[in-house]
């Protein structure tokens, strides 16, 4: 019985160490990134220059995504979502502020929908072809639905850029 007990204790120790090691790795990951900070270098620019920057970023990522298959991109949705969680707008909002959390959820969902629709059109999915470059004004006018308030449009645009950047990085590094 002593041999079994020794093996049992050794197995428990090994498993416990495995948990400790893996949990420490996870805890060492910086969990949340502030999307607004990613764009802080252009905060002081006039709105026109900010919009030009957003437009260039969107078009560059769409151009990079042209070489991939839509189904290949969609297969990696889960990985993309896992990465996007690191930027979730709601991270800094307390649970008491349900209305704000709900609006941020709407903003992120709208941006996700627009980003995937732009990708589908760039890839000529369902005979819907989008010629690049697309203007930021066209995205604002024709892609973003009216459920988004005027003061939320910039947040949607930033999340679209994040979506496209994440999708590109996930699919190109699979």
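Panel order for 79, 156, by other beta carbons found within 10 Å of each beta carbon, from fewest to most: 79, 156.
Normalised radius of gyration for the stretch 75-145, please: alpha carbon Rg relative to 2.2 N^0.38 Å, two decimal places.
Details: Rg = 14.9 Å, N = 71, 2.2 N^0.38 = 11.1 Å.
Rounded to two decimals, the normalised Rg is 1.34.
Binning all Cα-Cα separations of the stretch 1-62 at 10 Å, short to long from zero, yields these whole-percent fractions: 17, 22, 15, 14, 12, 11, 8, 2. Going from the fewest other Cβ atoms within 10 Å to the most, the residues 41, 135 appear in the order 41, 135.
With respect to the chain, whose longest principal axis is taken over its alpha-carbon atoms, helix 153-172 is tilted by about 60°.
Helix 47-65 and the longest principal axis of the C-alpha atoms of the chain enclose an angle of approximately 60°.
Computed on the chain, the Cα convex hull volume stands at 172 Å³ per residue. Normalised by the number of residues in the stretch 1-122, the mean separation of alpha-carbon contacts (under 8 Å, six or more apart) gives a relative contact order of 33 percent.
Using the average count of surrounding beta-carbon atoms within 10 Å as a protection proxy, the listed peptides 118-129, 101-112 rank, highest first, as 101-112, 118-129. If you fit an axis through the alpha-carbon atoms of helix 98-122 and take the longest principal axis of the Cα set of the chain, what angle between them do you get, 0 to 90°, nearest 10? Value to nearest ten degrees: 70.
Each of residue 152 and residue 172 was given a label point 7 Å from its Cα along the Cα-to-Cβ line. The distance between the two points is 3.1 nm.
Of 72, 60, 85, the residue with the greatest mean-square motion in the GNM of the chain, using alpha carbon springs below 10 Å, is 72. Put a dot 7 Å past the Cα of residue 137, heading toward its Cβ, do the same for residue 37, and the two dots end up 3.5 nm apart.
Readers should treat all values here as calculations from the given coordinates under stated rules, not as data from a laboratory. No experiment lies behind these values; they were computed from the predicted model shown. FYI the Cβ positions are ideal-geometry reconstructions off the backbone, even for glycines, and counts take in every protein chain you see.
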